[in-house]
Amino acid sequence: MFDSFNVRICSRLAPGERRDLESFLAAHGLFYEGNPEVTVFLEDTEGRIVATGSLEGKVIKMVAVDPAWQEAGLSSKVVSLLVGEARSLGRTCLFVFTKPEAGDRFLALGFVELARYDPHVALLEMGEPGVETYKRYLQEARSPSLSPGARIGGVVVNCNPFTRGHLWLMERASALCEHLYVVVVETDLSVFPFKDRLRLVREGTAHLGNVTVLRSGDYAVSPATFPSYFLKDRDDLAKARIQTRLDVTLFARLFCRELGIHTRFVGTEPYCPITRTYNEAMREVLPPLGVEVVELPRLPLEEGGAAISASAVRQGLREENWDLVRRLVPDVTWAYLRDASTAGILERVRKSETRH
């Protein structure tokens, strides 16, 4: 029986293939998500799916095996095929997003576990440059002058783009601790490029002597740790609830350990249900791991008014309401937006509908 299966590799899924995949995944407690570049199907002699997995970017995900075929080693077969596909595309560091009970099988293939949220999901990694390389980056960035017991804070931001609200959060957080690490989401799926977002945060916080601005790598709010953040279909909060808790767990295991962070600062979230779910995840996951969560009220545009947000800036840019945009952003972002070299990015903003 176990020798009788066929291998089919699809670069893009036809509608019928996607429906079959969604049904198979749902039967095994997994979600279909994103836009996979490659999907592997292992099928029995009657064409029924017995195992599957997909590749999107650096992430191997949606790996599932029919329980009747568990002893056949099909998950290893699926992952090996996907690793081969990824390497043919020049990707040398890969992540697996899978059920915790499947984790041991991936360890045998050379993956290492980064974090898990039982009983729902585990995140594993294989290849270089990987988490050990990133740990060295964090260790080199760690401030050497802090006294034992110093209150060390952390903030994770996307800044698409950097607003007065972001700056206010960082100024408040830096005043409440001896040192603050600001981690900027590195994934380049936002309208404003990462290199620009990172530069604006660094320049915008240069007056704060106790702030270090860091890139997140693949280890905070990335397609590996929190794919729902970047999806257009944002209605499935059950999916986001699981992923946010995985992302927050990895933050505690990696950033808090390597940087000595004791406090995670975050702004309140009045608008986006996904981000609000992330805040809930922090309050649930971090305190038992010894990390305090401090939620600061968002800065309003005017007293009693709506909170300043990057989405409001992008909407103002779409409407070419420059008076509003000027009130929402600090000087460094305003200069950037008015520079002629940013014209192409502003055109992307006008055509985009992204929430982040």
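The values are calculated or read from the model by the stated rules, or taken from the named source; none is laboratory data. The model shown is predicted, which means the values in this text are computed figures rather than measured ones. Backbone-built Cβ (ideal geometry, glycine too); neighbour counts: all protein chains shown. All accessible areas refer to the heavy atoms of the entire protein, side chains included, with ligands and DNA or RNA removed. Shrake-Rupley method; radii C 1.70, N 1.55, O 1.52, S 1.80 Å.
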Would you mind stating whether Pro36 is within 21 Å of Leu107 (Cβ to Cβ) and without any contact (Cβ under 8 Å) to a residue 60 or more places away in the chain?
-> no
May I ask you to say which residue of Arg172, Arg142, Arg136, Arg164 is at pLDDT below 95 and charged (D, E, K, R)?
-> Arg142
Tyr278 is checked against (1) touching a helix residue (DSSP H, G or I) at 6+ places or on another chain (Cβ under 8 Å); (2) at pLDDT below 95; (3) surrounded by fewer than 20 Cβ atoms within 10 Å (Cβ to Cβ) and fails just one. What number does that condition carry?
-> (3)
Hits in the range 59-72 (condition: without any contact (Cβ under 8 Å) to a residue 40 or more places away in the chain and either among the hydroxyl-bearing types (Ser, Thr, Tyr) or surrounded by fewer than 18 Cβ atoms within 10 Å (Cβ to Cβ) (or both)) | Pro67, Ala68, Gln70
Which one is surrounded by the most Cβ atoms within 10 Å (Cβ to Cβ) among residues in the range 247-259 that are touching a residue at least 60 places away in the same chain (Cβ under 8 Å) and either hydrophobic (A, V, I, L, M, F, W, C) or closer than 13 Å to Lys135 by Cβ (or both)?
-> Phe251
Filter result for Asn6 (touching a strand residue (DSSP E or B) at 6+ places or on another chain (Cβ under 6 Å) and surrounded by fewer than 13 Cβ atoms within 10 Å (Cβ to Cβ)) | yes
Is it the case that Leu55 is more than 23 Å from Phe106 (Cα to Cα), of a type outside the set (Val, Ile, Thr) and crowded, with 18+ Cβ neighbours inside 10 Å?
-> no
Are there any pairs with C-beta distances below 6 angstrom linking a residue in the range 189-218 that is farther than 20 Å from Leu328 by Cβ and touching a residue at least 60 places away in the same chain (Cβ under 8 Å) to a residue that is open to solvent by 20 Å² or more (accessible area, probe 1.4 Å) and assigned to a helix (DSSP H, G or I), with the two at least 6 apart or on different chains, and if so which?
-> Thr212/Ala141; Leu214/Ala141
Pick from the range 33-52, criterion open to solvent by 40 Å² or more (accessible area, probe 1.4 Å) and of a type outside the set (Gly, Ala, Ser), ranking: farthest from Arg19 (Cα to Cα) | Thr45
Out of the residues in the range 312-356 that are open to solvent by 30 Å² or more (accessible area, probe 1.4 Å) and of a type in the set (Lys, Arg), which is modelled with the lowest pLDDT?
-> Arg355
Given (1) in contact with a strand residue (DSSP E or B) (Cβ under 7 Å, 6 or more places away or on another chain); (2) of a type in the set (A, V, I, L, M, F, W, C); (3) open to solvent by 20 Å² or more (accessible area, probe 1.4 Å); (4) under 30 Å from Glu140 (Cα atoms), index of the condition Leu289 fails = (1)
For the range 291-309, how many residues meet the condition of being in contact with a Pro (Cβ under 8 Å, 6 or more places away or on another chain) and within 21 Å of Arg257 (Cα to Cα)?
-> 1
Every residue from the range 69-105 that is of a type in the set (A, V, I, L, M) and closer than 15 Å to Gly53 by Cα = Leu74, Val78, Val79, Leu81, Leu82, Val83, Ala86, Leu94, Val96, Ala102
All positions within the range 80-124 that are within 17 Å of Phe31 (Cα to Cα), touching a residue at least 24 places away in the same chain (Cβ under 8 Å) and more than 21 Å from the chain's Cα centre (by Cα) = Ala102
